[in-house]
Amino acid sequence: LGYWRSVGHSFSAFIVESFVDELAAAAGADPLGFRLGMLKDRPRHAAVLRAAASAADWADPAPRGFARGIALHESFGSIAAMVVTAGVVSGEVRVLEVVSAIDCGRAIAPNSVRAQLEGGAIMGLSAALGEEISFADGAAEQRNFDGYRVLTLRDAPVRVATVIVGSGGPLGGVGEPGLPPAAPALANALAAATGKRARDLPLARLYS
C-alpha cells in the first residue's frame, strides 16, 4: 500500500460497491434505488448519494453507447459518492462525466474541498483504468511512463463536478475520500454500457 492515496479503502470500495451493483442487477433494481433502500437508517449516506445522483441527472438517459455508474463509500470520517458516465468507443474507455458529492461535516474551505475531491476522482480513475505494475525475475517491468499508463488530458472526463453536502456532523477528511468511489463507479458504468462486468483492475484490460 505504501503512500497510496486512501490506502485500503481504494480496493475495498471497488469490491463492495461493484458487488452491490451486481446484487441490484440480480434483483432487477435500479442501482440508486437499491442502495437507498438499504440506507433508511443512514440519512447522511442517503443524502450524499441523492446529491451525487441529482447533480449527475441520474434519471435521464445517458448518451448512446454510454451509461452511468454510481458508488458510495465512507472513509476518514467523511461520506463520498460518485456518478461516472462512461462507455467504450473504438476499443477505448471514454469517460464523459464525473460528479462527486461529499459530507465532511462542515466544509471549512469549500474551494479546497472541491479541489481535493476532483483530484481524488482523477487519480482514482487513472488507477482504475490503466495503472498496473507487473514483475518478472523479482523486478518491476514498468520503468517509466511509456510502460505505466496514467490518465492524460485526452482521456480525462469532459465534465467534473463536486457537490458539498453540509450536515453539521463531525469534521471529516477531504484529501482521500474522493478516490475510493472512482473505480467502482467507473466499473459499474462500463458494465451497464457494455454488458460485460470487470472484476479485476485495471479495467482497460477487459474493454480494450
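The values are calculated or read from the model by the stated rules, or taken from the named source; none is laboratory data. Bear in mind that the values here come from a model prediction, so they are computed numbers and not experimental data. In this analysis, Cβ positions are derived from the backbone assuming ideal geometry, glycine residues included, and neighbour counts consider all displayed protein chains. What goes into the accessible areas is simple: the full protein's heavy atoms, side chains included, and nothing from ligands, DNA or RNA. Shrake-Rupley method; radii C 1.70, N 1.55, O 1.52, S 1.80 Å.
Show the residue pairs that are 6+ apart or on different chains and have beta-carbon atoms under 7 Å apart, the first residue being within the stretch 182-195 and over 16 Å from Glu118 (Cβ atoms) and open to solvent by 10 Å² or more (accessible area, probe 1.4 Å), the second being of a type in the set (Phe, Trp, Tyr) and not in a helix (DSSP H, G or I).
Ala193/Phe66
Could you list all residues from the stretch 177-205 that are more than 17 Å from Phe19 (Cβ to Cβ) and either touching a His at 6+ places or on another chain (Cβ under 7 Å) or assigned to a helix (DSSP H, G or I) (or both)?
Ala193, Thr194, Ala204, Arg205
Please work out if Leu36 is out of contact with any strand residue (DSSP E or B) (no Cβ under 9 Å at 6 or more places or on another chain), open to solvent by 20 Å² or more (accessible area, probe 1.4 Å), more than 22 Å from Leu117 (Cβ to Cβ) and assigned to a helix (DSSP H, G or I).
It is false that Leu36 is out of contact with any strand residue (DSSP E or B) (no Cβ under 9 Å at 6 or more places or on another chain), open to solvent by 20 Å² or more (accessible area, probe 1.4 Å), more than 22 Å from Leu117 (Cβ to Cβ) and assigned to a helix (DSSP H, G or I).
Mind checking whether some residue in the stretch 99-109 is open to solvent by 50 Å² or more (accessible area, probe 1.4 Å) and modelled with pLDDT of 95 or more?
no
For the stretch 109-143, what are the residues that are hydrophobic (A, V, I, L, M, F, W, C) and in contact (Cβ under 8 Å) with a residue 12 or more places away in the chain?
Correct list: Val113, Leu117, Ala121, Ile122, Met123, Leu125, Ala127, Ala128, Leu129, Ile133.
What are the residue pairs meeting all of these: first residue in the stretch 144-158, first residue among the hydroxyl-bearing types (Ser, Thr, Tyr), second residue in a loop (DSSP other than H, G, I, E, B) and surrounded by 13 or more Cβ atoms within 10 Å (Cβ to Cβ), Cβ atoms under 7 Å, and 6 or more apart or on different chains?
From the stretch 144-158, the pairs are Tyr148/Glu131; Tyr148/Gln142.
So which of Arg68, Arg5, Arg50 ends up being touching a strand residue (DSSP E or B) at 6+ places or on another chain (Cβ under 9 Å), open to solvent by 20 Å² or more (accessible area, probe 1.4 Å), outside any helix (DSSP H, G or I) and among the basic types (Lys, Arg)?
From the options Arg68, Arg5, Arg50, the qualifying one is Arg68.
Going by what's in this entry, would Arg64 be described as basic (Lys, Arg) and under 26 Å from Ala193 (Cβ atoms)?
Answer is yes for this residue.
Of everything in the stretch 131-178 that's among the β-branched types (Val, Ile, Thr), within 29 Å of Val88 (Cα to Cα) and modelled with pLDDT of 95 or more, which residue is most open to solvent (accessible area, probe 1.4 Å)?
Val160
Within the stretch 113-130, identify whether any single residue is open to solvent by 30 Å² or more (accessible area, probe 1.4 Å), assigned to a loop (DSSP other than H, G, I, E, B) and modelled with pLDDT under 95, and answer yes or no.
no
Exactly one of (1) under 23 Å from Ala127 (Cα atoms); (2) at pLDDT below 95 is unmet by Ala56. Its number?
Of (1) under 23 Å from Ala127 (Cα atoms); (2) at pLDDT below 95, only one is false for Ala56: (2).
From the list Phe19, Phe14, pick out the single residue that is part of a helix (DSSP H, G or I) and surrounded by 20 or more Cβ atoms within 10 Å (Cβ to Cβ).
Going through Phe19, Phe14 in turn, the sole match is Phe14.
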